[in-house]
Amino acid sequence: MKKAIDNYLNEHENEMMVALSGAIAIPSVKDPATANSHAPFGKEVGRALEFMLRTAEGRRFTAENMKNYVGRVRWGGDGTQYAVLTHVDVVPEGTGWSVPPFAGTIKDGRLYGRGSTDDKGPAIASIFALAAARAALQAQHIEPRNAIMLLFGTDEESGMVDFDYYFKKYGIPEAGFSPDGEFPIVNGEKGILNLQLVGHGMHGGILRHAEGGTRSNVVPQHAEAVLITDHDKMQRLQGLIERLPKDEFSVSTTLANGELKLNVEGMPAHASTPEKGRNAIGKLLQVLDAVHCLEDDESLQFLAREVGTEWTGHRVGVDFADEVSGVLTLNLGTLHIDHDDSTAVINIRYPIKVTSKQVTDQFVEKLLGTKIEFTVMSDSTPHYVDPGTPLIQTLQKAYTEYTGTEAKCFAIGGGTYARLIPGAVAFGPLFPGQPMTEHAPDEFIDVDSLLKATRIYAYAMAELLKG
């Protein structure tokens, strides 16, 4: 079995890399401006889905487009239907790249581009892995008892509306895996809570505008503010800001045309690992607070002093933890201030054994007596699969076969499609110790590691197909 899989993938690995570069070349960021009935999440997301389906057809599979919400490729028998869930949508590219974000550049053994790790690399790998599993079974004249369904989603980064549609129409698979995490096996995912905080008419007119962040699930890289008052006061503010202690953030000011502009550059990261980034919004608010521009604005003071660049939630009193999934994390993801109104979105990843009510109750208590409006925008409950299931045992066998190491289960703060299926887990593509570059500039995947992951996926699929 292993030899046949290796032979197939050795023969076709160049085609796989070409296909991945082609997929990355499509800037499939959700775009409501180009959305229509044929592309519910935007033109480029629709193009990326079609590219995946055409790639599967090139491997002699039948591909189905489910109203441009989900793409499906199925091969096998009539037994258990195992889903392999990936996605073609990506987060915005942001800034700070040393290579083009949508070119699929291969350099020094790495393939760079937005989506290379999250999740176009694994999506392409799943197609070639299923083709290798089919070739291995056919070489041994084994008829598959079960089936593998490759499901390509289109809205993983923005709310998973794609599978709301698919599951209502076609049902929820029994089990499966999503190659959108880390090896060995992710059998637990924290809850994901998005909170919106709104303040009205409280900051006195000096702060006219501020903006930061692109999405709540990304640590904001850039934030900016515009201050307007008399010229002498703006000069004094500029001097105060420039004399503040220096740190790892880049803070700059420009005084021109009757405005004092303040720009902050941080470092982006996935919101599930905010400690790996530098939150530009939090720093912007702390700078404004330090020079007394947030006086009488309880909403912005709360964000600057209680949230800011702090990511454990201890100042709010939500620093929960458990032995299964670790500590709660918090990310101040987006901020918009226009004249006297401010709106912020906070992304929280809460432990498996904690409820969202425990978190929101603490926020309610903290905000009691203020004029800050507090709303739960979304809440995705934690996900956990028992390590003793047959699926996990099969994945463990495949991982150990190719790595020689034990396949242990663990939990993450990220949210994958696996949480949509009670019996599903996340499985790769990153190996232990590899850097996590998704949602960051110069996102990349190591080519040899992706090929190794593809072999693991193929072996696991072959075993699941045999039953």
- Exactly one condition in (1) out of contact with any helix residue (DSSP H, G or I) (no Cβ under 7 Å at 6 or more places or on another chain); (2) under 17 Å from T437 (Cα atoms) is not met by I24; state its number. (1)
- Among the numbered criteria (1) surrounded by fewer than 23 Cβ atoms within 10 Å (Cβ to Cβ); (2) modelled with pLDDT under 90, which single criterion is violated by H203? (1)
- Task: Could you figure out which of (1) more than 25 Å from P92 (Cβ to Cβ); (2) touching a strand residue (DSSP E or B) at 6+ places or on another chain (Cβ under 7 Å); (3) not aromatic (F, W, Y) isn't true of G467?
- Result: (2)
- Residue in segment 241-251 that is surrounded by 22 or more Cβ atoms within 10 Å (Cβ to Cβ) and more than 30 Å from G415 (Cα to Cα) present: no
- Message: Considering only residues that are surrounded by fewer than 14 Cβ atoms within 10 Å (Cβ to Cβ) and not charged (D, E, K, R), which ones fall in segment 59-78?
- Response: T62
- Task: Run L195 past the list (1) farther than 27 Å from A39 by Cα; (2) surrounded by fewer than 19 Cβ atoms within 10 Å (Cβ to Cβ) and report the number of the one that doesn't hold.
- Result: (2)
- T389 meets each of (1) polar (S, T, N, Q); (2) within 28 Å of D180 (Cβ to Cβ); (3) in contact with a Phe, Trp or Tyr (Cβ under 8 Å, 6 or more places away or on another chain) with one exception, condition (3)
- Task: Report yes if some residue within segment 278-288 is modelled with pLDDT under 95, surrounded by fewer than 24 Cβ atoms within 10 Å (Cβ to Cβ), part of a helix (DSSP H, G or I) and assigned by TED's automatic domain parsing to the domain that holds L244; otherwise report no.
- Result: yes
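Yes/no per residue for (1) surrounded by fewer than 21 Cβ atoms within 10 Å (Cβ to Cβ); (2) within 22 Å of the chain's Cα centre (by Cα); (3) at pLDDT 95 or above:
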site: T360; (1), (2), (3): yes, no, yes
site: E365; (1), (2), (3): yes, no, no
site: S380; (1), (2), (3): yes, yes, no
site: Y384; (1), (2), (3): yes, yes, yes
site: A398; (1), (2), (3): no, no, yes
site: D448; (1), (2), (3): yes, no, yes
site: K466; (1), (2), (3): yes, no, yes
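Looking only at segment 359-384, count every residue that is part of a helix (DSSP H, G or I) and free of Cβ contacts under 8 Å to residues at least 40 places away in the same chain and tell me the total.
Selection size over segment 359-384: 2.
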- Query: Which one is surrounded by the fewest Cβ atoms within 10 Å (Cβ to Cβ), of the residues in segment 400-417 that are more than 26 Å from K120 (Cβ to Cβ) and among the polar types (S, T, N, Q)?
  - Reply: T405
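The values are calculated or read from the model by the stated rules, or taken from the named source; none is laboratory data. In this text, all values refer to a predicted model and were calculated from it rather than measured experimentally. Neighbour counts are summed over all protein chains in view; Cβ atoms, including those assigned to glycine, are modelled from backbone coordinates with ideal geometry.
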